[in-house]
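A.B. asks: Okay, here's the structure, questions in a sec.
The values are calculated or read from the model by the stated rules, or taken from the named source; none is laboratory data. Keep in mind that what you see is a predicted model, and the values were worked out from it rather than measured. Reconstructed Cβ throughout: ideal geometry from the backbone, glycine too, with neighbour counts over all protein chains shown.
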Amino acid sequence: MDIFEKFNYSTQNLLHVLKEMESHLPEPRVRQIENLERSIKDVRTDLLNMELKEKYPGADPDAELLDLVGSEPVISLKEEKEEIRKMLEKRI
């Protein structure tokens with residue numbers, strides 16, 4: 001298992017727990033959790049970007065699309081397809 005897969009697997013569970021915690025905490029703590037969630041998402045995207053560039057040295061992945069595909073495990077496949085379609089439409 002590569003570093004992205006390890007990090008991705010571990011953080012998916014953590015993100016689910018953090019989402020559950022948000023409804024039980026005061027607003028300042030919820031903002032801290034949201035910041036942590038964003039940081040995790042950023043690291044996951046960076047790791048995926050590094051992995052892609054290692055496999056495909058000439059690749060220059062679209063940051064917005066990579067962010068969606070590489071860091072949103074909690075959305076359904078249907079939602080992901082719709083978001084990808086919207087992003088691609090903006091580029092055409």
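A.B. asks: Quick one: how many residues across region 16-36 are under 22 Å from residue 67 (Cα atoms) and touching a helix residue (DSSP H, G or I) at 6+ places or on another chain (Cβ under 6 Å)?
C.D. replies: Residues that pass the stated criteria total 2.
A.B. asks: Moving on to the next point. Quick one: how many residues across region 4-24 are more than 12 Å from residue 36 (Cα to Cα), assigned to a helix (DSSP H, G or I) and of a type in the set (S, T, N, Q)?
C.D. replies: Number satisfying all stated conditions: 4.
A.B. asks: Just to be sure before I move on: is residue 71 at pLDDT 85 or above, surrounded by 10 or more Cβ atoms within 10 Å (Cβ to Cβ) and among the polar types (S, T, N, Q) in the structure I sent? Reasoning before the result, please.
C.D. replies: Working: at pLDDT 85 or above: no; surrounded by 10 or more Cβ atoms within 10 Å (Cβ to Cβ): yes; among the polar types (S, T, N, Q): yes.
Criteria not met by residue 71.
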